[in-house]
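Have a look at the structure below, then the notes.
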Amino acid sequence: MKTYLFKAIALLAITLSACTNNTNNTKAIAEDKVTVAVKSENFLSGGLAEPITIEKRELSDGSTADCYKIVVTSTPTDHEMGPWCPGNIADDASAGGIWLEGGEVYDVDGEFVKNLATFYKDDTWMLYNSATGEITKTKTKEECQEAANPNVGVEYQNYCVECLPSYVADVKHTYYIPVTPKKAATPYIFASRPGGGGGPPKGERPPRPEGAPEGERPQGPPRGNSTLPSSRGIAFNGVVFDAPAPTDAILGAYTLAPFDDAGGHINLAAGYHYHAATGVSKKLAQADNHAAMIGYAFDGYGIFENTDSNGKEYTDLDKSRGHYDEVRGYHYHVDQAGNNNFINGLRGEYAL
């Protein structure tokens with residue numbers, strides 16, 4: 001009798017436990033009081049290959065929603081692209097772009113290129129002619145393709161890689177963003193990668209990658225979630241906010257692929273794309289001194305600058321680099337430019 005009673009109590013406990021767990025798993029997602037829909041009119045028409053339209057698309061949770069279809073040329077109309085590589089070690093900062101290292105932004109002027117061996121504590125660095133001061137850089141589309149290969153041959157080591165807009169004049173990309181953001185049960189956190197978020201510490205050169213795929217590639221999705229976008233969102237000018245630049249591969253091949261002052265550069269597959277927000281592209285100022293808005297993430301939530309109008313960073317951001325207020329609803333704040341990063345995840349469902 002005691003044995004039977006013990007088994008009955010144990011069975012009841014297991015049943016109650018199972019019911020409790022099931023209740024937690026099916027708990028409704030707490031909705032935000034304020035959810036701000038995407039405004040298609042915020043995008044500059046000059047960066048679009050065709051007018052923005054609405055299509056029904058499946059979202060990452062299996063539901064269906066209205067999504068904006070945004071076809072872009074990856075060519076900004078609100079600022080010039082470049083320059084990237086200076087021509088001579090005597091050139092000032094106006095002749096080159098920027099480099100992101102260890103959380104800092106450096107001007108790629110002639111002096112920076114001249115001192116790369118000291119900067120990275122490696123005498124192999126030598127991107128210029130010691131007699132003339134001329135900097136060795138790519139000058140054709142073919143050289144751009146070869147030098148941008150992470151597994152660079154010895155003939156393209158010690159090159160400054162500068163791919164020009166004329167090489168990607170016909171590039172178009174299509175993106176889908178939910179018209180109204182939908183909060184996910186659990187945020188989708190982007191996987192980290194070696195070299196993402198600013199690359200190796202200053203003074204350390206990572207090993208050259210073996211068997212790396214040709215050309216720069218955006219960061220892949222986390223393991224187990226092959227549908228997560230590799231990029232983060234779109235600026236109002238139609239240029240994509242890309243994953244962290246693979247600076248480990250770039251530096252490991254003794255090449256330098258600078259960004260322009262807007263935080264962007266070009267590869268032949270992606271076209272022009274951003275790796276840092278430097279305040280150059282179109283922004284929407286906020287009436288309450290909040291940071292300006294600069295675009296949308298791929299889940300439809302707004303992306304805002306790193307600091308407010310007084311230069312103060314936000315200290316209450318979640319793991320995705322977002323927070324909520326009753327004016328803008330949930331939204332993101334980009335990372336500091338020197339960190340080679342925008343946001344860390346998507347809080348909402350994204351279009352497949």
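Any read-out appearing in this document is the output of simple, stated calculations on the displayed coordinates, not a laboratory observation. For clarity, every value in this text was computed on a predicted model and none was experimentally measured. Methodologically, a virtual Cβ is constructed for each residue, glycine included, from the backbone with ideal geometry; neighbour enumeration extends over all protein chains shown.
Among 171, 154, a tally of other beta-carbon atoms within 10 Å of each Cβ gives an order, fewest to most, of 154, 171.
Spin-label model, residue 42 to residue 77: label points 7 Å out along the Cα-to-beta-carbon direction sit 1.9 nm apart.
Among 137, 39, 121, the ranking by other beta carbons within 10 Å of each residue's beta carbon, starting with the fewest, stands as 121, 39, 137.
Normalising the Debye intensity of the range 93-166 to I(0), with uniform scatterers on Cα atoms only, and taking log10 at q = 0.12, 0.17, 0.23, 0.28 Å⁻¹ returns -0.35, -0.72, -1.27, -1.42.
The separation of the range 57-126 from the range 274-332, counted between C-alpha centres, amounts to 21 Å.
For residue 227 and residue 35, the FRET efficiency from 1/(1 + (r/R0)^6), where r spans their Cβ atoms and R0 equals 30 Å, is about 0.85. Counting 0.36 nm for each residue step from residue 287 to residue 172 and taking away their Cα separation leaves a gain of 37.9 nm. Take the residue pairs 182/312; 182/283; 182/282 and return only those whose Cα atoms are more than 31 Å apart. Over 31 Å apart, Cα to Cα: no pair at all. Kirkwood hydrodynamic radius of the range 227-348, from the reciprocal of the average inverse Cα-Cα distance over all distinct pairs: 14.9 Å. For the range 93-166, a simple Cβ point-charge model (Lys and Arg +1, Asp and Glu -1, everything else neutral) yields a dipole of about 100 debye relative to the Cα centre. Look at 125, 99 and count the other Cβ atoms within 10 Å of each Cβ; fewest to most, that gives 125, 99.
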